[in-house]
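Read through the structure below, which is laid out as structure tokens, and then see the notes.
The values are calculated or read from the model by the stated rules, or taken from the named source; none is laboratory data. Worth saying up front: this structure is predicted, and the values here are computed from it rather than measured. We work out accessible area using only protein heavy atoms, side chains counted, and drop any ligands, DNA or RNA first. Shrake-Rupley method; radii C 1.70, N 1.55, O 1.52, S 1.80 Å.
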Amino acid sequence: MNNPYLLQNLKSQGFHYILFDTVEQKKEYSLTAPKSPDIKIPPGPAEQFKTNNPQAASNYKQKFPPLLKPEKPKKEKQELSVFEKNPLKQPILPFDKWPEDWKKIQRQCKFPPEKPKHISRQIIWTYAGLEYDLFTDNSSDKRRRLIGQIIKTLSFPRGTHIFLPYKHINAQGQSELAKEQDYSFFWSAVDLIRPRVLVVFGEQSIAELDLPPLLPTQKHTLMPVTVFALDDIMLYTENESENNIMINFLSDNLKNFA
């Protein structure tokens, strides 16, 4: 090539060897050509400060701290709603540790002290005042007649129904929750009996048993027990229309457990 301008331009860029005619010429040029000096990247500000001025480097790091990943906020424990709480999950007192008062109720209510291996076919009934109907002379004839009517209408096998109070009569003749320290007699007994169904009469009983605020004829599951909520038991003794609604509700819903 005879173009001196192009030769000079290629030479300045280090590409003029491509114009060589033979491999030998190119190889000879690669051995004799001056090598490009190594290019060194100047240190950044922090490195310069560190090398020349430690105090300045420290000030730089304080002014421009390294970026940190933000910490993930910890999930707060959410409290269970009243419908998610299960009284059967509370501490249960095993039968061999029951006080004599509890064992006396067990004998009067006629349920076995041995826990069955599987869910039993029994239905537990409870209401405010049941302790008087079972343990005193101040029982209510109206409640007794109503219970008799329900049992006769359902016509379940003998031994299916257990009437279990959650209160007892203390030494002073007063009604109080049957508890031993923090243990509930009622839920300990339910755990021992392992029923399929629990029928609760009245808003008062529902509240005192720590159940959610259920409406009459409302169902609620406490694994593995199905709870049927009813109105105050005395309402059904005095209101024939409500009585019929209650009987039909129990007949329709409990027939699957017969």
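Applying a threshold of 19 Å to the alpha-carbon distances of 97/179; 117/255; 85/167 flags 117/255; 85/167 as lying beyond it. For the range 158-240, the per residue solvent-accessible surface stands at 47 Å², with DNA, RNA and ligands left out and a 1.4 Å probe.
Protein heavy-atom surface of the range 86-195, 1.4 angstrom probe: 46% of the accessible area is carbon and sulfur, with nucleic acids and ligands not counted.
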